[in-house]
Amino acid sequence: MNAGSIDSLLQVKVHIRWMIRRDMAEVLQAERQSFEFAWTEDDFLQCLRQRNCIGMVAEANDHIVGFMIYELHKNRLHVLNFAVAPGYRRQGIGSQMIVKLIGKLASHRRSKISLAVRERNLAAQVFFRRQDFLATRVLRNYYEDSGEDAFQMELDLGEEIHSGKVNRIAQYEEK
């Protein structure tokens, strides 16, 4: 068995909760380790001050091992920032965070999750594709910091949401 398949067998169970002020140091550390063009503390705070912006963290053993920032829109959630700390990747944490987002869809009568992924961020593209997101279009010169293109990726669960199937899956996964 190779190291990649061993990693995929490791599952770290996390508690996903609202982000609070004292989480910021660990969130910023994961952010800087994850992205070449990292958000600053001011970027996080400015975003989280908006009424429709939500921050959540994944916590394991009293440490922040992942986080996500998303906006609430009428029919969808739009993910602005999503990361798992490098030492905790490939252990099911990102998947648990996606399940949490899917649960938020059902409880808020939304049916779609959207996000933008840098063209060069192949690991994120593969991760979200494995979570059943589809690339729906290319966003030219999307990132101001580099002029890089992005792929808009979406997970549309319209039929599953309306049938109640997703709500049952999300409730099961959170137990």
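Only the coordinates and a few stated rules stand behind these numbers; no lab work does. Bear in mind the structure is a predicted one, so any value in this text is a computation, not a measurement. A quick note on method: Cβ atoms are made from the backbone with ideal geometry, for glycine too, and the neighbour counts reach across all protein chains shown.
A crude spin-label estimate for the pair residue 71 and residue 132, with each label 7 Å from Cα along the Cβ direction, gives 2.6 nm.
Reducing the stretch 95-129 and the stretch 45-59 to their Cα centroids gives an inter-centroid distance of 16 Å.
Extension gain, residue 12 to residue 25, is 2.5 nm, computed as 0.36 nm per intervening residue step minus the present C-alpha separation.
Which order do peptides 31-38, 74-81 fall in by mean Cβ count within 10 Å, highest first?
Highest-to-lowest ranking by the protection proxy: 74-81, 31-38.
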